[in-house]
1. Where in the stretch A:132-211 are there GluC sites (Glu not before Pro) that are in a DSSP coil and have at most 14 other Cβ atoms within 10 angstrom of their Cβ?
2. Considering only Cα-Cα distances, which of the following residue pairs are longer than 31 Å: B:Lys150/B:Lys218; B:Lys150/B:Lys274; B:Lys84/B:Lys274; B:Lys26/B:Lys95; B:Lys26/B:Lys84?
3. Would you please give the FRET efficiency between B:Asp152 and B:Glu93, computed as 1/(1 + (r/R0)^6) with r the Cβ-Cβ distance and R0 = 41 Å, to the nearest 0.05?
4. Testing the spin-label approximation: label points 7 Å from Cα along Cα→Cβ at B:Ala144 and B:Arg216. State their distance in nm.
5. Could you work out the relative contact order of chain B, using alpha carbon pairs under 8 angstrom and six or more residues apart, expressed as a whole percent?
6. So if we plug the beta-carbon distance of A:Asn73 and A:Ser172 into 1/(1 + (r/R0)^6) with R0 = 25 Å, what FRET efficiency do we get, rounded to 0.05?
7. Report, in deg cm²/dmol and to the nearest 500, the calculated mean residue ellipticity at 222 nm for chain B, where each DSSP H run with n ≥ 4 adds -39500 (n - 2.57) and the sum is divided by the residue count.
8. Hey, rough spin-label estimate for A:Leu206 and B:Asp205, points 7 angstrom out along Cα→Cβ, what's it come to in nanometres?
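Every number here is computed from the coordinates shown, using simple stated rules; none is lab data. Not measured: the values here are computed from a predicted model. Every residue, glycine as well, gets a Cβ built from its backbone with ideal geometry; the counts of neighbours run over all protein chains shown.
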Amino acid sequence: MSPTTDGGSDDGPADTVRRVTGTGVPVRGNDVDTDEIIPARFLKVVTFDGLGQFAFFDERFDDDDEPLDHSFNENRFQGASVLAVNANFGCGSSREHAPQALMRWGIDAVVGESFAEIFAGNCLALGIPTVTASQEDVEALQDFVEEHPDADIEVDVEAEEVRYGDTTIDASVDDAQRRALVDGVWDTTALMAANADSVEATAASLPYTDD
Amino acid sequence: MRRIEVTGELGDGVTAKDVILTVIRKLGTDGGVGYVYEYGGDAVEAMDMAGRMSICNMSIEGGARAGYVNPDETTYEYLEGREKVPEGEAFEELKEYWESVSSDADAEYDDVVTIDGSDLEPVVTWGTTPGQGVGVSEPIPAPADLPADKQDTARSAQEHMEVEPGDTMAGYPIDVAFLGSCTNARLPDLRAAAEVVEGREVHDDVRAMVVPGSQRVKAAAEAEGLDEVFTEAGFDWRSAGCSMCLGMNEDQLVGDERCASSSNRNFVGRQGSKEGRTVLMSPPMVAAAAVEGEVVDVRDLEPVQEVEA
């Protein structure tokens, strides 16, 4: 099933991300660090293209590259775009490669109990919402996804809800993140390029920048 | 904003690294989410810039967005005369600006955490996150005694590290000693480690390397002869780089090797082998572990015998 990102009017220089809909994939466990999400030896690249195949590599493959039990290896979860995780997901190294690898594997939104802040910021820079919900709700979502790998999960950033089956759970999206996604201003590079005059004015007012 | 006040005076053999490993241990790897950490108090004020940088660098390991120490005379002395730093009047003007953005004495914080610096001993990690630290002579905690959301991680970490609750990390055998990383291989770090190494030899079963934090640090250390102290003891003296801080080049653990490391992260696979084990500690503690072939309290090393010439 192909995921859809439900955009709206183009208020900002990037696409708006109000809702993400697609099938789910669970990755369970607290304190999943970015070295797990993508081991350092895969960072030596000049482009992020192709990083998707290395997502969770050391947990997906043994030393002989034989597949291990991992949701990212399972056929039923291929094509999933909503990742369901537990607490403090994305801790450790601030490597941008972590959300890049997840995005290139196919992830468009992450729902979890909590996120490491830099990881969440790096996701936002790619237009990927990191939405939080209670432990109970997240575990129920993970169970649902396990049982219904073909079912759509709707991550409503704007309404701060996650919907699946007959269930709607209260979710929470950091205010600044929600505004950035809903208004289409999450791409800071595009935002700066669209406001070059104001960037120059600000730079000129700072005491530590040269002309 | 969270103020972390480190009171008192750090004891001999206790360093900035022990302070930050204590902070992360107390507050958790996610305790800093939503915060920037401001470090202060007598112990931080007494610290050199290298120590302050070690602490600030690892704020991220505590989940904080950033970490800083307010500018003071130590900061100005560090900056004055360095390349690209304005001189004379321009420097004085900058100093005024820095003072103006420094926290006021009556600043209000969202949270204040106080740590008694005089009470600390060298800290080492027993697990696979930087928050899983313990005093070198303290028992490794039982997972069941930890907060509920940390228990599963602790169990799998202890299995990976092959450590038992109730044991101490002192005596944990090591195969590799890595003295490096931008966190903890600046000049004062290398000096402190060289002081431990001088007159001693790297243990026969240990592969030990020094990777200075930068090319400049490397040159400065060589000018002081620190490279000779390390190489005479049996350390490899390497070029600056990331090396075993993250295992991106050929400097990696092999199989389930155990490494005493002055770097900042001990996640599974961080040093290049997913079976490898990393024990984080201060530079002098890495030096002591290299010499003894196991984790030891650097303060317990037998004095070096003076040999008559």
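1. Hits after loop and neighbour filter: nothing returned.
2. B:Lys150/B:Lys218; B:Lys84/B:Lys274; B:Lys26/B:Lys95; B:Lys26/B:Lys84
3. About 0.15, to the nearest 0.05.
4. 5.3
5. 19
6. Rounded to the nearest 0.05, the efficiency is 0.25.
7. After summing the helix terms and dividing by the residues of chain B, the value is -9000 deg cm²/dmol.
8. With each label placed 7 Å out from Cα toward Cβ, I get 5.2 nm.
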